[in-house]
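A.B. asks: Following this message is one structure expressed as structure tokens.
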Amino acid sequence: MKEEKIIKQVSVFVENKPGRLAAVTEKLYEKGINIRAFTIAEAGDFGIIRMVVDKTDEAYKVLKDAGFTVSLTNVLGVEVKDEPGGLYSIAKALGSANINIEYVYAFTFGKDKALIILRVDDIEKAIEILEKENVLFKGKVD
Amino acid sequence: MYSDKYWQKEEVLPKKELEDLQLKRLKWVVRHAYDNVAFFRQRFKERGVHPDDIRKREDITKLPFTTKEDFKVNYPFGLFAVPKQKIIRIHTSSGTSGKPKVVGYTARDLENWINMVARCMYMVGVRSKDVFQNMVSYTFFTGGLGFHYAAERIGAMVVPAGTGNTERQIRYMIDFGTTVIHATPSYAMHIKEVAESLKIKPDETGLRIGCFGAEPWSNNTRKRLEDAFNIKAFDSYGLSEMNGPGVAFECEEQNGLHIWADHYFIEIVDKNGEAVSEGEKGELVLTPLTKEALPLIRYKTGDVTFVMDDECSCGRTHPKIHRILGRADDMIVVRGINVFPSQIEHVLMQIPEVGDHFQVLITRNGSLDEITVKVEMRDEAFTGELSDFKRIQSKVQRELYKELGLRTNVELVERGTIERFVLKAKRVVDLRDEI
């Protein structure tokens, strides 16, 4: 059951230079893959494109075949209302349980909802906390 | 063939007989060069030495060296010792300042050369039942035709594949049942990558022997090649000026290369041209003892190695040289420290997180030399975290420091962005201005 609570994030290694993001997203576009949430972590000459997409396995394969260095990372999704205090309550709950958030990014969807993508150091414990808070996103991102 | 183990009986000639033969042939080649090449006659006279002065093997040190520069001055045929109509083939290789080195062969030279390469191939187990795919250039480069004729002589079925069109190479390998390949190590690694992208397992192609040469490679690369293709990989050494491949080759021990002493006189010298002590490393100097067309006297190969003195279990009496450690002129001096690209390769191949390809850039920042090593990260090492980079960079830096005693910058680049070289890998780019 735990598997369904975990979202697979696609992480792609790219050099920090013009045209690399275009090269990655072109491959996804060609396969009709939709990016739902997206962020870039950069460290000088290179970076990591991180994204949650609707067809994860297909995205992984098409990027790998195109020669990119790709990996799938376990992240959690949290569904909150798009209003003040949404992130605060979650961060507080995780902080109190001594769970470290390594990175986080978010997107809004529907009329008044936000989906927050979280990468934590202790994913099992985080699931427990977030389920208690009744905010853990379950189901498919599409 | 001489036996089921040796191609020619000279391979097991008793040491004393081998040395006597060397002296006899040394006298001949010195006389031949003096009588027939104005350049050598002039050099001998300048040095006050005459062919009659060669009475014992040690007398070779009285003779002047020949260098790559001498090819430039004598371009194209000035070093040939026979009239042009006796030359039946030439090859060329890139030389200094844009002038290629032109090497020539008489009919007898070719015959000797074919048999030397055949000795090597036979030594590593190539037999008439084998299918030999020769994946190096067939034109001016000596590696193509050199191996081709030797494999034919043994009676193997030769696939003259040449370079490039890697997908087709792989298809032929499977369709023709190739059992032996000859390639540069970097091209072989490229073949492995292409095969995998075609969902072909390189270790299930039925290959059993790989001959690799024309660029320096390490024991770690050997391990990778052997694992990737499920073969035994052997180091091949040669240079156009000494016919081409077939000068020296590893036997089944894979520990040092037998150098054919009945055809080449071997010396190892230091920077000043003095003989090094036994077992010391230095520049390999060769004198071809049977070469009619191009009797190069004491030719400085530019390759750094040492002579291994132990007897070999394979029974061959010819001395062994260590695999080439680097090129005397490839050696780069960075912040006063001597660095060979092969050292860098050696370090990188031991780090599982980095790929098979790398490039070294040398720049000068103010008055300080900097080395930047570009490496490709292996897919398995990427977990999607920024800390991956830091970890790998520090590890590569630390390992390089241990080997070279130099701080380096390590850049991670995307897979496939470091150019793959088919012929010889240009792995070091020196961007420093001349001082």
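The values are calculated or read from the model by the stated rules, or taken from the named source; none is laboratory data. Here the structure is a predicted model, which is why all the values come from computation and not from measurement. Cβ atoms come from the backbone with ideal geometry, glycine included; neighbour counts cover every protein chain shown.
A.B. asks: Considering (1) under 23 Å from the mean Cα position of the chain (by Cα); (2) surrounded by fewer than 18 Cβ atoms within 10 Å (Cβ to Cβ); (3) aliphatic (A, V, I, L, M), say which one residue B:49 fails and leave the rest.
C.D. replies: Residue B:49 satisfies every listed condition except (1).
A.B. asks: Moving on. Give the residue that is farthest from the other protein chains (Cβ to nearest Cβ), with candidates limited to residues of region A:2-26 that are crowded, with 17+ Cβ neighbours inside 10 Å and without any contact (Cβ under 8 Å) to a residue 60 or more places away in the chain.
C.D. replies: Ranking the candidates gives A:24 first.
A.B. asks: Which of the numbered conditions does residue B:51 fail, given that it passes all the others? Conditions: (1) farther than 30 Å from residue B:99 by Cβ; (2) touching a Lys or Arg at 6+ places or on another chain (Cβ under 9 Å).
C.D. replies: Failing condition for residue B:51: (1).
A.B. asks: Quick one: in region A:43-56, of everything that is touching a Gly at 6+ places or on another chain (Cβ under 8 Å) and facing chain B (nearest Cβ under 9 Å), which residue is nearest to residue A:107 (Cα to Cα)?
C.D. replies: Looking at residues that are touching a Gly at 6+ places or on another chain (Cβ under 8 Å) and facing chain B (nearest Cβ under 9 Å), I get A:50.
A.B. asks: Next question, about the same structure. Confirm whether residue B:342 is within 14 Å of chain A (Cβ to nearest Cβ), farther than 16 Å from residue B:432 by Cα and either in contact with a Leu (Cβ under 7 Å, 6 or more places away or on another chain) or not in a loop (DSSP other than H, G, I, E, B) (or both).
C.D. replies: Criteria not met by residue B:342.
A.B. asks: Let me ask another. Within the bounds of region B:7-29, is there any residue that is more than 27 Å from the chain's Cα centre (by Cα), surrounded by 14 or more Cβ atoms within 10 Å (Cβ to Cβ), in contact (Cβ under 8 Å) with a residue 12 or more places away in the chain and closer than 17 Å to residue B:265 by Cβ?
C.D. replies: Yes, because at least one residue in region B:7-29 is more than 27 Å from the chain's Cα centre (by Cα), surrounded by 14 or more Cβ atoms within 10 Å (Cβ to Cβ), in contact (Cβ under 8 Å) with a residue 12 or more places away in the chain and closer than 17 Å to residue B:265 by Cβ.
A.B. asks: Tell me, which residue of region A:57-79 that is out of contact with any Leu (no Cβ under 7 Å at 6 or more places or on another chain), free of Cβ contacts under 8 Å to residues at least 60 places away in the same chain and not hydrophobic (A, V, I, L, M, F, W, C) is farthest from the other protein chains (Cβ to nearest Cβ)?
C.D. replies: Across region A:57-79, the extreme among qualifying residues is A:58.
A.B. asks: Sort out which residues of region B:69-106 are surrounded by fewer than 17 Cβ atoms within 10 Å (Cβ to Cβ) and either in a helix (DSSP H, G or I) or outside the structural domain of residue B:285 (by TED's automatic domain parsing) (or both), and write them in order of number.
C.D. replies: Across region B:69-106, the qualifying residues are B:69, B:72, B:73, B:84, B:85, B:86, B:96, B:97, B:98.
A.B. asks: Pick from B:414, B:370, B:403: which is within 30 Å of residue A:50 (Cα to Cα) and either modelled with pLDDT of 80 or more or more than 14 Å from chain A (Cβ to nearest Cβ) (or both)?
C.D. replies: B:414
A.B. asks: For region B:205-292, give me every one of the strands (runs of 3 or more DSSP E) that falls completely inside it and has 3 or more residues that are surrounded by fewer than 22 Cβ atoms within 10 Å (Cβ to Cβ) and outside the structural domain of residue B:167 (by TED's automatic domain parsing).
C.D. replies: none
A.B. asks: Looking at region B:107-122, can you tell me whether even one residue there is in the same structural domain as residue B:36 (by TED's automatic domain parsing), assigned to a loop (DSSP other than H, G, I, E, B) and touching a residue at least 24 places away in the same chain (Cβ under 8 Å)?
C.D. replies: For region B:107-122, residues in the same structural domain as residue B:36 (by TED's automatic domain parsing), assigned to a loop (DSSP other than H, G, I, E, B) and touching a residue at least 24 places away in the same chain (Cβ under 8 Å): absent.
A.B. asks: Right, another one. Just give me the residues in region A:27-42 being of a type in the set (A, V, I, L, M), within 14 Å of chain B (Cβ to nearest Cβ) and touching a residue at least 24 places away in the same chain (Cβ under 8 Å), in sequence order. Lay out the reasoning, then the answer.
C.D. replies: Within region A:27-42, the subset of a type in the set (A, V, I, L, M) is A:28, A:33, A:35, A:37, A:40-41.
Pick out the ones that are also within 14 Å of chain B (Cβ to nearest Cβ) and you get A:40-41.
The answer is A:41, and nothing else.
Per-residue answers, yes or no, for (1) modelled with pLDDT of 90 or more; (2) not hydroxyl-bearing (Ser, Thr, Tyr):
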| residue | (1), (2) |
| --- | --- |
| A:75 | yes, yes |
| A:105 | yes, no |
| A:123 | yes, yes |
| A:133 | no, yes |
| A:141 | no, yes |
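A.B. asks: Within region B:45-64, identify whether any single residue is at positive phi and assigned to a helix (DSSP H, G or I), and answer yes or no.
C.D. replies: Looking through region B:45-64, none of the residues is at positive phi and assigned to a helix (DSSP H, G or I).
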